[in-house]
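Read the structure below first, then the notes.
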Amino acid sequence: MASRTSRTARISRIARAILTARATGGTRASRILRAAATLAGALLLTTAVAFAAQLLLSLGGAAPADTAFAARPPTKTPAPTATPAPTTPPAPTPTTGPTATPTSGCTVNVSTTAGLTTALQNAQPGQIICLAAATYTGRFVATVSGTSASHIVLTGPATAILDGGDNATGYGFHLNGASYWELRGFTVRNSKKGIMTDNASNNLIDGVTVKDIGEEAVHFRTFSRNNTIQNTTITNTGLVTPDFGEGIYIGSANSNWGTYTGGQPDTSDNNRALNNHIGPNVRAENIDIKEGTTGGTISGNYLDATGISGANFADSWIDAKGNGYTISGNTGVNPTHTTILKDGFQVHVAISGWGNNNTFSNNNLDVESTGYGFWVQSGATGTVVCTNNTVTTAASGTANVPLTTC
Ligand SMILES: [Ca+2]
């Protein structure tokens, strides 16, 4: 009893000392101390003594901090420290691509070739450049970019025709280092290549017509990423060189990496081809996905084999040589029953490490020929051909690989 009484007295002295010392403070520290004193008085525990003593010691060594505390409003618990918001990385570019900006409200009106050339040179983010129905003879290039918040829109009816004048040279429309554009509605015809992108990302090509082209119609090249082409009609390509007459071409063949990407893979990644109508008279593959590219989506396209040439192994609607593509919901037709179209979709290993992890689902392929619906080159890994694809009239069968239930 005596020792307990003496301990109680000691605790009380400590507590009084604390309270006296902190009487003017009212800081968090003092409240803690008062709580400790109360605890000690109530429970008479040795541990409370130790606790109080420890607090005193620690506060004795923390005078400067105490001063700082004193300057604060007395009642506040430390302001919920502006904990940096859970570090969400900078908003990733939306995987759905540039959203469609309403095109009402033209900010620049164009009706002549000179006017279009000037408008492209002077383009600023947020502008909507409207093409009147007319033929614009020439080749056109954009070199300035919009921003993620303010695209640059070039829009017109299908009767606004960008006509290169011949299909042996030039690019009909070139996005050259130009990002965040929307190309809408108009027609591109009579150039060696139709629409070309180099170092151009986050662009949208929507509802355009590309036709009467010497080589490929639309090409995403030289690190052009996250572009979308949708609702676009492509016919009559490869008129000069059938070997290079693809409808949509993503990336670069490794033989061209030295020319366009310093010898490195042309990582024109995450491009999307959605709901386009490709063919007839597309002389090479309707869609050619090159090695070195990753992660694109090819979905909802209507692919017509009529007029495919067979040149340079063009014997399928789609060649997939990149990695990690989703190829779904496309329709392949072969109304002329040409056996130049051999297989529907093919996976190739153009070089080691490429042609892997591509998934094919929900496609409807009426092959009307001798090969497979899906043909996968030996050595390609991770290919998924889903059971939900429909393949008809492919004499060799649905696929040369086992199907995956999905
Ligand atoms: Ca092929």
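The values are calculated or read from the model by the stated rules, or taken from the named source; none is laboratory data. The shown structure was predicted, so the numbers you read here are calculated from the model rather than taken from an experiment. Quick reminder, even Gly has a Cβ in these numbers, built from the backbone with ideal geometry, and neighbours come from all protein chains shown.
Restricted to segment 142-201, and to residues that are out of contact with any strand residue (DSSP E or B) (no Cβ under 6 Å at 6 or more places or on another chain) and β-branched (Val, Ile, Thr), which residue is nearest to residue 110 (Cα to Cα)?
159
Quick test for you: out of 367, 385, 391, pick the one residue that is of a type outside the set (S, T, N, Q), within 16 Å of residue 279 (Cβ to Cβ) and in the same structural domain as residue 268 (by TED's automatic domain parsing).
Unique residue meeting the criteria: 367.
Which one is farthest from the ligand (Cβ to nearest atom), of the residues in segment 328-351 that are of a type in the set (A, V, I, L, M) and over 16 Å from residue 380 (Cα atoms)?
Step one: list which residues in segment 328-351 are of a type in the set (A, V, I, L, M), which gives 333, 340-341, 347, 349-351.
Imposing the further condition that a residue be over 16 Å from residue 380 (Cα atoms) reduces the set to 333, 340-341.
Working: 333: 17, 340: 10, 341: 9 Å.
So the residue we want is 333.
Looking at the structure I just gave you, is residue 253 within 21 Å of residue 227 (Cβ to Cβ), surrounded by fewer than 24 Cβ atoms within 10 Å (Cβ to Cβ) and within 14 Å of the ligand (Cβ to nearest atom)?
yes
For every residue, the table says whether it meets (1) under 20 Å from residue 389 (Cα atoms); (2) assigned to a loop (DSSP other than H, G, I, E, B); (3) in contact with a helix residue (DSSP H, G or I) (Cβ under 9 Å, 6 or more places away or on another chain).
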| site | (1), (2), (3) |
| --- | --- |
| 306 | no, yes, no |
| 319 | yes, no, yes |
| 338 | no, yes, no |
| 342 | yes, yes, no |
| 349 | no, yes, no |
| 352 | no, yes, no |
| 360 | yes, no, no |
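Within segment 309-327, track down each residue that is more than 9 Å from the ligand (Cβ to nearest atom), of a type in the set (Ser, Thr, Tyr) and over 21 Å from the mean Cα position of the chain (by Cα).
If the condition is that a residue be more than 9 Å from the ligand (Cβ to nearest atom), of a type in the set (Ser, Thr, Tyr) and over 21 Å from the mean Cα position of the chain (by Cα), then 309 is the only one that fits.
Closer than 25 Å to residue 269 by Cα, surrounded by 24 or more Cβ atoms within 10 Å (Cβ to Cβ), assigned by TED's automatic domain parsing to the domain that holds residue 135 and within 18 Å of the chain's Cα centre (by Cα): which single residue out of 205, 152, 195 fits that description?
205
Somewhere in segment 375-383, is a residue within 17 Å of residue 280 (Cα to Cα) and within 15 Å of the ligand (Cβ to nearest atom)?
No, segment 375-383 contains no residue that is within 17 Å of residue 280 (Cα to Cα) and within 15 Å of the ligand (Cβ to nearest atom).
I'd like the full set of residues that are closer than 20 Å to residue 193 by Cα, more than 16 Å from the ligand (Cβ to nearest atom) and assigned to a loop (DSSP other than H, G, I, E, B), limited to segment 269-304.
271, 276, 280, 281
Return a yes/no flag: does segment 134-152 have any residue that is touching a Lys or Arg at 6+ places or on another chain (Cβ under 9 Å) and hydrophobic (A, V, I, L, M, F, W, C).
Scanning segment 134-152 turns up no residue that is touching a Lys or Arg at 6+ places or on another chain (Cβ under 9 Å) and hydrophobic (A, V, I, L, M, F, W, C).
Among 147, 143, which is surrounded by fewer than 19 Cβ atoms within 10 Å (Cβ to Cβ), β-branched (Val, Ile, Thr) and in contact with a Phe, Trp or Tyr (Cβ under 7 Å, 6 or more places away or on another chain)? Steps first, please.
Numbers: 143 fails: in contact with a Phe, Trp or Tyr (Cβ under 7 Å, 6 or more places away or on another chain).
Matching residue, one of 147, 143: 147.
Being under 21 Å from residue 301 (Cα atoms) and part of a loop (DSSP other than H, G, I, E, B) is the filter here; which residues of segment 372-391 pass it?
383, 387, 388, 389
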